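See structure below.
Readers should treat all values here as calculations from the given coordinates under stated rules, not as data from a laboratory. Owing to the predicted nature of the structure, the values given are computational and were not obtained by experimental measurement. Please note: Cβ atoms are built from the backbone with ideal geometry, for glycine as well, and neighbour counts cover all protein chains shown.
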Amino acid sequence: MVKIRLQRKGSKFKSFFKIVVADARAPRDGRFIESLGYYNPQKKEVNVDLEKTYRWLHIGAQSTNTVRSIFSKKGIFKAFLEQKTNS
């Protein structure tokens, strides 16, 4: 199964995360298939490539709970569902 999840980067107490598509069996900071963007919790900053994200969601990639909440706050899931129903 393929998952959209966070990959931890940065130093101690100054972490930021890459949003990646990875095999569910791979380690958290291990190999990934594709990078979709990043999330910086200190600045509350999220940068996501929407085209890549929609493609992976359409293929059937499952997102983790944390990524799902980030996407919901940015309105990505709502836009994806609207795009899916219009197709």
Flagged pairs (Cβ under 9 angstrom, 6 or more apart or on separate chains; first in the range 13-24, touching a residue at least 40 places away in the same chain (Cβ under 8 Å); second among the small types (Gly, Ala, Ser) and in a strand (DSSP E or B)) are 19/35; 19/37; 21/35
task: Answer yes if at least one residue in the range 35-56 is at negative phi, in contact with a Ser or Thr (Cβ under 6 Å, 6 or more places away or on another chain) and outside any loop (DSSP other than H, G, I, E, B), and no otherwise.
output: yes
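Matching residues to (1) of a type outside the set (A, V, I, L, M, F, W, C); (2) surrounded by 15 or more Cβ atoms within 10 Å (Cβ to Cβ):
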| residue | (1), (2) |
| --- | --- |
| 5 | yes, yes |
| 14 | yes, no |
| 24 | no, no |
| 30 | yes, no |
| 36 | no, yes |
| 65 | yes, no |
| 83 | yes, no |
| 86 | yes, no |
Flagged in the range 1-57 as closer than 21 Å to residue 83 by Cα, of a type outside the set (Val, Ile, Thr) and touching a strand residue (DSSP E or B) at 6+ places or on another chain (Cβ under 6 Å), in numbering order, are 3, 36, 37, 47, 49, 52, 56
Note on the range 12-58: residues within 16 Å of residue 72 (Cα to Cα), more than 10 Å from the chain's Cα centre (by Cα) and of a type in the set (Ser, Thr, Tyr) are 54
